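A short write-up of the structure that comes next.
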Amino acid sequence: MSYLTVALSNAITTAQVLPVADVATSVNNTSTVSTLANMLGGLIVVVALIILLAYIVKKLNLVPSQNGIIKTIAMTPVGQKEKLMVVEINQQQYLLGVTSQQINLIDKLASPVEASTHSFAQNLQQAKERHHE
């Protein structure tokens, strides 16, 4: 009888321990899945933010290309989707009217236009000095 009692006692102890181990494994797996989901979600957000910022920089033309054949010298918006641009091609400058549907040549400039390299703060300081004189 004592052998049967010990075997039965071991079986009960094993039966009680296994579900606890299964629960710990299940919690550990859930924690791992949750951590991976959080990391993947964060990665998706960061990649989407990079793509959005690249689109904004391209759309607003914040980094104009000055190394190509066609150089943008100056640009002035005249409406919501219309602007005047001075471009230079082979040391010749052109005044263009640009809309969302078309680009029109307004004039071929006889003398080149120099783009202002001053910042807004420098232009404001010069305007103040001229005003006080």
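Nothing in this text is a laboratory measurement; each read-out follows from the coordinates by a stated rule. Predicted model only: the values in this text are computed from it and were never measured. All Cβ positions, glycine included, derive from the backbone under ideal geometry; neighbour counts span all protein chains shown.
Details
- For Leu109, the residues whose amide H sits under 5 Å from its own are Gln93, Tyr94, Leu95, ignoring neighbours fewer than 5 places away on the same chain, with H placed 1.01 Å from N.
- The order of Thr72, Thr35, going from fewest to most other C-beta atoms within 10 Å of their C-beta, is Thr35, Thr72.
- Calculated FRET efficiency for the pair Ala74/Gln101, C-beta based, R₀ 25 Å, to 0.05: 0.70
- Distance between modelled label sites at Val57 and Leu43, nm, 7 Å Cα→Cβ extension: 2.3 nm
- Hits among lysines - C-alpha to C-alpha of Lys81 under 18 Å, sequence gap 8 or more where chains match: Lys58, Lys59
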